[in-house]
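A.B. asks: Just dropping this structure here.
The values are calculated or read from the model by the stated rules, or taken from the named source; none is laboratory data. The structure presented is a predicted model; accordingly, all values stated were derived computationally and were not measured. As a convention, Cβ positions derive from the backbone with ideal geometry for all residues, glycine included, and neighbour counts pool all protein chains shown. Surface accessibility is based on the protein's heavy atoms, side chains included, excluding ligands, DNA and RNA. Shrake-Rupley method; radii C 1.70, N 1.55, O 1.52, S 1.80 Å.
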Amino acid sequence: MRITCVGGGPAGLYFALLAKQRDPRREVVVVERNRPDDTFGFGVVFSDATLDNLEGADRPSYDAIRGSLAHWDELHAHFRGRVLVSKGHGFSGLSRRRLLAILQERARELGVALRFEEEVVDPGEILAASDLVVAADGVNSRVRERFADRFGPRIDVRPNRFVWLGTTFPFDAFTFYFEENRHGLFRVHAYRYEPDRSTFIVECREETFRRAGLEHAGEDGTIAYFEELFADKLRGHRLLKNRSVWRSFPTVHNERWSSENVVLLGDAAHTAHFSIGSGTKLALEDAMALVDSLGRHPRVPEALAAYEAERKPKVQAFQRAAQVSLQWFENTERYMGLDPVEFMFSLLTRSLRVTHEGLKARDPAFVREVDAHVARKAEAQSGARVALAGGAGGGPPPPMFTPFRLRSLVLDNRVVVSPMCQYSADDGRIDDWHLVHLGSRALGGAGLVITEMTDVSAEGRITPGCAGLYRPDHAERWRRVVDFVHGCSRARIGVQLAHAGRKGATKRLWEGADEPLEGGAWPLLSASAVPYLPRSQVPKAMDRGDMDQVTADFVRAARRADEAGFDLIELHCAHGYLLSSFISPLTNRRTDAYGGPIENRMRYPLEVFDAVRAVWPEDKPMSVRISATDWAPGGLTTDDLVALAVMLREHGADIIHVSAGQTDPSSRPEYGRLFQTPLSELVRLEAKVPTIAVGNIQSYADVNSIIAAGRADLCALARAHLYDPYWTRHAAAEQGFEMEWPPQYRSVERYTLRMR
């Protein structure tokens, strides 16, 4: 087999040497446009886990790499005059030039042909002359560009500017600087890779870059600017340049990684932001996976397909983490007002891959400090006493088991049972199913249980099976559930009031989600006369009379919610239902005072909110659920999101339940673990309003992380509570935290104590 690797960086070299090592009969050639010792940047970073993978792939190159590393265990963040320290992180730095030399030497030793200073003008010629072409030619891949119709590349150029510098300062930890001057905030990512050399990456926003005049500075001017700004940190050491031009980071995605006998590798296939130090790691892991796949599948197309099927999901998960980390650094200004301990925890968990539990295993002393900080804040905010020695081992309680106050309502913990439609009511009337469903979750230990979407009129239902609060006897039925929750648990219970709008008059979920009723459908209302799906009923665009009637329906339902004894009302302004249809520009096509800019689009939802707030008791809180993004072009913008959250806060919303999407069938959600949590954090910090995070929150480690980092004040879980009604109690037992059990279950309490 003749294999040609286009690109002599770490990805191409490592693949070439592994391919030759596995089968010496292969003819392996590496073609590189630059000279052998040409390189960009200064150092690369490896985690201990990555090094373990390299050891098993090729021991000689691993030994050479291991012998050249600068290792560190700590992370330091210089923040508002303090140096914040976390230990136990296990990373190493290596000169990029040294890495290339090691891989080149090992490749030659194995018989790989290395051809430098050779430009690939026409990739098609190489394809014709090779059994396999590996495009490892970097972020600006010429091979990928030549066959763009096959690979479907998508490149997202990010707004921040960065420059890759070096320094003679020998950092003894991975170090972050957050330094502000009259031009703005500069972030520095720095680490040592040789005894007397370190990488020094400076990043800032575009406006800071321009205010500082750095677009005209050149390499020498850039160095002079930052040697002055960081003079006290560098202590006389110099900054170094190596083609150190200012850039914007490109996040590279490809729909397909291979076609016929050509495959993308490393940065040609994907990139991940340098803030998680993963570019070289991913490239080397790509190489290992591709060689393994070639060994398992004799035919090249099959091997490439198997490689992509195995490797792509792992890379995509890493890219999602890198994207969240990237956005954290794009918006660091947002976090500068945090308490130092909270800031450091937010920094360390920014990618959402490192959790409270994971960090506790690395640095238990720091996490104990974080937990104590959360407990003290919770005690001050709620007015409820928090036992600072109430956690496992006499430490502070886990963040999820601290109290939280909303007006007069004080919740025992931060766990919320998210609203989950059951489609089991009859003309809005709930029955024993709802009593058991909600009652069991309340017994399960959550601090707050929120009912399913409860409609304010028969015409406001999604399906004939939806719950309601529009008939006199509805309040009596709900009172039975509320009384059980209050009498048998420490949970509080809220009701989510809603009108389905254009998404109404459909079949129950198990009969055909979003399918219109074939008989007995009722007329629909919406902001505009736009059906949800082509087969859906066309709704009426609401006029003033419709608005007044629906507002009166919400007011009537709110009064009945109070009669039923609910502790909280959540107004449903999300997921494309009636009030949401006014907010999203995708569904609001109006040209009157209720359409156009976000201030107009919020006009009617705020009218409803104000009317409900006016009849809801002053001491009881109100939540509003929103779709923070439409996940679609032309949808809600970030500025819109912050503006609507501020408006809700100013009108008296006590907390915002931050969901996303489901507003329009064109939505393309970016699913993944905690995929909506960054939106909650944005609303909480930018609009300065408490939030509930929701969306694929999978574990108590996730909940603790979200609360401790200030990404939300409460965490709502849906499917986790369907699977395990006692999710919160089980989380408490696993963390060694004692919860009070109902007297009927005291034997279980003793059992959990014995299990610890």
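A.B. asks: Looking at the structure I just gave you, is residue 454 among the hydroxyl-bearing types (Ser, Thr, Tyr), closer than 30 Å to residue 403 by Cβ, modelled with pLDDT of 95 or more and not in a helix (DSSP H, G or I)?
C.D. replies: Yes, satisfied.
A.B. asks: Considering only region 603-642, how many residues are under 16 Å from residue 659 (Cα atoms), in contact with a helix residue (DSSP H, G or I) (Cβ under 6 Å, 6 or more places away or on another chain) and part of a helix (DSSP H, G or I)?
C.D. replies: 2
A.B. asks: What residue, among those in region 355-369 that are within 21 Å of the chain's Cα centre (by Cα) and in contact (Cβ under 8 Å) with a residue 24 or more places away in the chain, is most open to solvent (accessible area, probe 1.4 Å)?
C.D. replies: Checked region 355-369; the qualifying residue most open to solvent (accessible area, probe 1.4 Å) is 357.
A.B. asks: Now for a different question. Please tell me if residue 409 is surrounded by 20 or more Cβ atoms within 10 Å (Cβ to Cβ) and under 28 Å from residue 676 (Cβ atoms).
C.D. replies: On the way: surrounded by 20 or more Cβ atoms within 10 Å (Cβ to Cβ): no; under 28 Å from residue 676 (Cβ atoms): yes.
So residue 409 fails the test.
A.B. asks: So, one more: Can you name every residue in region 109-135 that is open to solvent by 30 Å² or more (accessible area, probe 1.4 Å) and either hydroxyl-bearing (Ser, Thr, Tyr) or closer than 18 Å to residue 57 by Cβ (or both)? Show your work before the answer.
C.D. replies: Going residue by residue through region 109-135, those that are open to solvent by 30 Å² or more (accessible area, probe 1.4 Å) are 109-111, 113-119, 121-122, 125-126, 128-129, 131.
Across region 109-135, the qualifying residues are 109, 110, 111.
A.B. asks: Would you pick out the residues in region 726-744 that are outside any loop (DSSP other than H, G, I, E, B), touching a residue at least 24 places away in the same chain (Cβ under 8 Å) and open to solvent by 10 Å² or more (accessible area, probe 1.4 Å)?
C.D. replies: 727, 729, 734
A.B. asks: While we're looking at this one, here's another question. Need the failing condition index for residue 638 against (1) within 15 Å of residue 573 (Cβ to Cβ); (2) open to solvent by 10 Å² or more (accessible area, probe 1.4 Å), just the number.
C.D. replies: (1)
A.B. asks: Between a residue in region 373-388 that is without any contact (Cβ under 8 Å) to a residue 12 or more places away in the chain and closer than 23 Å to residue 621 by Cα and any residue that is assigned to a helix (DSSP H, G or I) and of a type outside the set (Ser, Thr, Tyr), which pairs come within a Cβ distance under 8 Å, given they are 6 or more apart or on different chains?
C.D. replies: 385/379
A.B. asks: Could you run through region 8-32 and say how many residues are farther than 19 Å from residue 65 by Cα and in contact with a Phe, Trp or Tyr (Cβ under 8 Å, 6 or more places away or on another chain)?
C.D. replies: Number satisfying all stated conditions: 1.
A.B. asks: Considering only residues of region 267-280 that are part of a helix (DSSP H, G or I) and open to solvent by less than 10 Å² (accessible area, probe 1.4 Å), which is farthest from residue 16 (Cα to Cα)?
C.D. replies: By that ranking, first place goes to 275.
A.B. asks: Can you pull out the residues in region 561-572 that are of a type outside the set (Asp, Glu) and either open to solvent by 10 Å² or more (accessible area, probe 1.4 Å) or outside any strand (DSSP E or B) (or both)?
C.D. replies: If the condition is that a residue be of a type outside the set (Asp, Glu) and either open to solvent by 10 Å² or more (accessible area, probe 1.4 Å) or outside any strand (DSSP E or B) (or both), then 561, 564, 565, 566 are the ones that fit.
A.B. asks: Right, another one. Determine which member of the set 252, 245 is part of a strand (DSSP E or B) and at pLDDT 95 or above. Spell out the reasoning first.
C.D. replies: On the way: 245 fails: part of a strand (DSSP E or B).
None of the other options fit; the residue is 252.
A.B. asks: Which members of region 654-673 meet the condition of being assigned to a loop (DSSP other than H, G, I, E, B), in contact with a helix residue (DSSP H, G or I) (Cβ under 9 Å, 6 or more places away or on another chain) and either of a type in the set (D, E, K, R) or buried (at least 24 other Cβ atoms within 10 Å of the Cβ) (or both)?
C.D. replies: Across region 654-673, the qualifying residues are 660, 663, 670, 673.
A.B. asks: How many of the residues in region 147-168 are under 16 Å from residue 235 (Cα atoms) and either touching a Phe, Trp or Tyr at 6+ places or on another chain (Cβ under 8 Å) or open to solvent by 60 Å² or more (accessible area, probe 1.4 Å) (or both)? Please lay out each step first, then the result.
C.D. replies: Applying the first criterion (under 16 Å from residue 235 (Cα atoms)) to region 147-168 yields 166-168.
Cutting the leftovers down to either touching a Phe, Trp or Tyr at 6+ places or on another chain (Cβ under 8 Å) or open to solvent by 60 Å² or more (accessible area, probe 1.4 Å) (or both) gives us 166-167.
The total comes to 2.
A.B. asks: Residue 19 fails exactly one of the following numbered conditions: (1) part of a helix (DSSP H, G or I); (2) modelled with pLDDT under 95. What is the number of that condition?
C.D. replies: (2)
A.B. asks: Here is a follow-up. Between 306, 322, which is assigned to a helix (DSSP H, G or I), open to solvent by less than 40 Å² (accessible area, probe 1.4 Å), farther than 30 Å from residue 208 by Cα and not charged (D, E, K, R)? Full working, then the answer.
C.D. replies: Values: 322 fails: farther than 30 Å from residue 208 by Cα.
None of the other options fit; the residue is 306.
A.B. asks: Mind telling me which of the residues 614, 574 ends up being under 23 Å from residue 684 (Cα atoms) and of a type in the set (A, V, I, L, M)?
C.D. replies: Criteria check complete, one pass: 574.
A.B. asks: What's the total number of residues in region 417-462 that are in contact with a Leu (Cβ under 6 Å, 6 or more places away or on another chain) and open to solvent by 30 Å² or more (accessible area, probe 1.4 Å)?
C.D. replies: Residues meeting the conditions: 1.
A.B. asks: On to the next question. Take the conditions in contact (Cβ under 8 Å) with a residue 24 or more places away in the chain and outside any helix (DSSP H, G or I) and apply them to residue 283. Does it pass?
C.D. replies: no
A.B. asks: For residue 723, are the conditions met, namely being out of contact with any Phe, Trp or Tyr (no Cβ under 7 Å at 6 or more places or on another chain), open to solvent by 30 Å² or more (accessible area, probe 1.4 Å), closer than 25 Å to residue 443 by Cα and modelled with pLDDT of 95 or more?
C.D. replies: Yes: the conditions hold for residue 723.
A.B. asks: Same structure again: Which one of the conditions (1) over 30 Å from residue 405 (Cα atoms); (2) touching a residue at least 60 places away in the same chain (Cβ under 8 Å) does residue 514 fail to meet, given that it meets all the rest?
C.D. replies: Among (1) over 30 Å from residue 405 (Cα atoms); (2) touching a residue at least 60 places away in the same chain (Cβ under 8 Å), residue 514 violates only (2).
A.B. asks: Every residue in region 198-225 that is in contact with a helix residue (DSSP H, G or I) (Cβ under 9 Å, 6 or more places away or on another chain) and either in a helix (DSSP H, G or I) or open to solvent by 70 Å² or more (accessible area, probe 1.4 Å) (or both), please.
C.D. replies: Selection gives 208, 209, 214, 215, 221, 222, 225.
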